[in-house]
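Read-outs: derived from the displayed coordinates by stated rules, not from any lab. The shown structure was predicted, so the numbers you read here are calculated from the model rather than taken from an experiment. Cβ atoms come from the backbone with ideal geometry, glycine included; neighbour counts cover every protein chain shown.
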Amino acid sequence: MKKYSVDFPARPVFLNLAQIKLPVGALTSILHRITGVCLAVGVPFAVYLLDLSLRNQQAFARVAGLFGNLAFKAAMVFLVWALAHHILAGIRHMLTDVNVGSTLHSGRRSAWSVNIGGLVLALLAAGAML
């Protein structure tokens, strides 16, 4: 019976993460996970603000006043991008699960479409907030 052995390097190998180039499909998949976490954190705040704005006129004015703050607008645009990207990437993942667009060429094309589509929707939201 043969014994298999693995030769380990004598010292640890340093991986420079800045030099690793990910395929667009991998980047889209990683962003899908990141946007899921962002939504899990951000949506409860958005629901709270919606609830607050529906209570009375003074509360609505207070929430509407938040949109005068540039940091708040940026956070809302980021949340819109996260939602758009997460939905588009989720649809892409579900379609590839049933072998729609699962070839290399169509997978790359759909990954680019998801990334660009999320940015376009976020830019439209930013334009609507001006």
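Any idea what % of Cα-Cα pairs in the chain are farther than 25 Å? Percentage above 25 Å: 48.
Rounded to the nearest whole Hz, the Karplus-based 3J(HN,Hα) values (6.51 cos²θ - 1.76 cosθ + 1.60, θ = phi - 60°) of the range 16-33 follow the sequence 8, 5, 6, 9, 7, 9, 7, x, 4, x, 5, 4, 5, 5, 5, 5, 4, 5, with x at glycine and proline.
Counted residue by residue at 0.36 nm each, then reduced by the alpha carbon distance between them, the extension gain from GLN57 to ARG11 reaches 9.9 nm. Multiplying the residue separation of LEU22 and ARG108 by 0.36 nm and removing their Cα-Cα distance gives an extension gain of 29.8 nm.
For the chain, the mean residue ellipticity at 222 nm estimated from helices alone is -25000 deg cm²/dmol, where every DSSP H run of n ≥ 4 contributes -39500 (n - 2.57) and the total is divided by all residues, rounded to the nearest 500. Placing dummy labels 7 Å off each Cα toward the beta-carbon, the span from ILE91 to LEU123 is 1.9 nm.
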